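Undergrad: What follows is a structure written as structure tokens; I'll ask about it next.
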Amino acid sequence: MAIRLSRLVADVLWRLGAESARVAKINLQTCYSNLDENEIEQLVRHSLFHMLLLYFEFGQLLHWPVNTLLEQIRTVEGESELQAAINCEQGVLLLVPHFGNWELLSTYIGANYAMAALYDPPKISGLESTIVAARERLRTQMFPISTAGIRGLLKFLKKGGLVAILPDQVPSREAGVYANFFGQSTLTMILPHRIIQRTAPVVMMCSIQRTFEAQTWCYDFSFKELQGLNDSEDASETATIINSEVEAIIRKAPEQYQWSYKRFKRPQHGGKDNIYRRQ
């Protein structure tokens, strides 16, 4: 039911030229200039389908039994590396892009370990408690993106804990540097670099990819340690490495990335105008 309804609504959004479809098309044209118009349009439709599935998945995260959620996980690549990183008590910084069902991470980690993460309070304040409740069902502590929230996150990490950050959110200009992402000079948050400099944690990338079987779907987790970031003194170098890893994850299944997000909305000074501005 969720699959059929998501496909139906995605097709309607695409045909009506909804804002989510318009932004996704601009992003895909920017990042995949080698594809023709038909290929771009197909990717837009598929990406809208995956975007809509995330709403169903969030409902599952909020209401389904934890064991049922965990049974959806088909494979976990790099599980032993993750366990070793956590057990060393050095602290783990887990970077999780907006790809696949990234919301499921709190359930998987929380079933075995304590975790902390940042969240951006929604524009509709009434939704905040629901979002936090879903992500804190198990041993996950959510901190808002604020000075106090980051302070709490660092304290958690310094005690040897695991913290998760979505590294592909667009920061303010003061909180970011420009680094390559799909061939574009893209404003990228420096928060991971600052955390690495202050706490020297083990840094890992995580992706949670959907895999479809019959009329339902399951998930393949992947964890990968990133080497050398603790030695980098340059925030731009750190951002470039992280963006490259995020790009590699996206290229495995580009339709599962959140292309409806305005990733390039703050172009570099002196560069081209905002690509999302309506003509």
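Each value in this text was obtained by applying a stated rule to the coordinates, not by laboratory testing. Quantities reported herein were computed from a predicted structural model and do not represent experimental measurements. Here the Cβ is made from the backbone with ideal geometry for all residues, glycine too, and neighbour counts use every protein chain on show.
Undergrad: Considering only THR240, THR107, THR211, give the residue with the highest GNM mean-square fluctuation for the chain, with springs between Cα atoms whenever their separation is below 10 Å.
TA: Among THR240, THR107, THR211, the largest mean-square fluctuation in the Gaussian network model of the chain belongs to THR211.
Undergrad: Just how large is the dipole of the chain about the Cα centre, in debye to the nearest 20, putting +1 at every Lys and Arg Cβ and -1 at every Asp and Glu Cβ?
TA: About 900 debye.
Undergrad: Who wins for biggest fluctuation among THR75, THR186, THR147 in a Gaussian network model of the chain, springs between alpha carbons below 10 Å?
TA: Judging by the Gaussian network model, the answer is THR147.
Undergrad: Then there is this: I need to check one value: relative contact order of the range 71-256, counting alpha carbon pairs closer than 8 Å and at least 6 residues apart, in percent.
TA: Relative contact order of the range 71-256: 31 percent.
Undergrad: Would you order ARG173, ARG194 from fewest to most other beta-carbon atoms within 10 Å of each residue's own beta-carbon?
TA: Ascending Cβ contact count within 10 Å gives the list ARG173, ARG194.
Undergrad: Okay, next question. Counting Lys and Arg as +1 and Asp and Glu as -1, each charge on the Cβ, what is the dipole of the range 193-234 about the Cα centre in debye, to the nearest 20?
TA: It comes to approximately 160 debye.
Undergrad: Just going by the charge dipole of the range 71-256, with Lys and Arg at +1 and Asp and Glu at -1 on Cβ, which of ASN112, LEU154, THR186 is farthest out on the positive end?
TA: The residue sitting farthest along the positive end of the dipole is LEU154.
Undergrad: Provide MET205, MET189, MET1 in ascending order of the number of other Cβ atoms located within 10 Å of each residue's Cβ, fewest first.
TA: If I rank by nearby Cβ atoms, fewest first, I get MET1, MET205, MET189.
Undergrad: Projecting each Cα onto the charge dipole of the chain (Lys/Arg +1, Asp/Glu -1 at the beta carbon, about the Cα centre), which of ILE40, ASN101, SER129 comes out farthest on the positive side?
TA: SER129
Undergrad: Test of the criteria: in the range 203-279, which GluC sites (Glu not before Pro) are in a DSSP loop and have at most 16 other Cβ atoms within 10 angstrom of their Cβ?
TA: Counting only loop positions with at most 16 other Cβ atoms within 10 Å, the GluC sites (Glu not before Pro) in the range 203-279 are GLU233.
Undergrad: Can you pull out the GluC sites (Glu not before Pro) in the range 29-103 whose DSSP state is coil and whose Cβ has at most 15 other Cβ atoms within 10 Å?
TA: Filter output for the range 29-103: GLU89.
Undergrad: Just how many pairs of Lys in the range 71-256 have C-alpha atoms closer than 30 Å, counting pairs that are eight or more places apart or on different chains?
TA: Count of close lysine pairs: 5.
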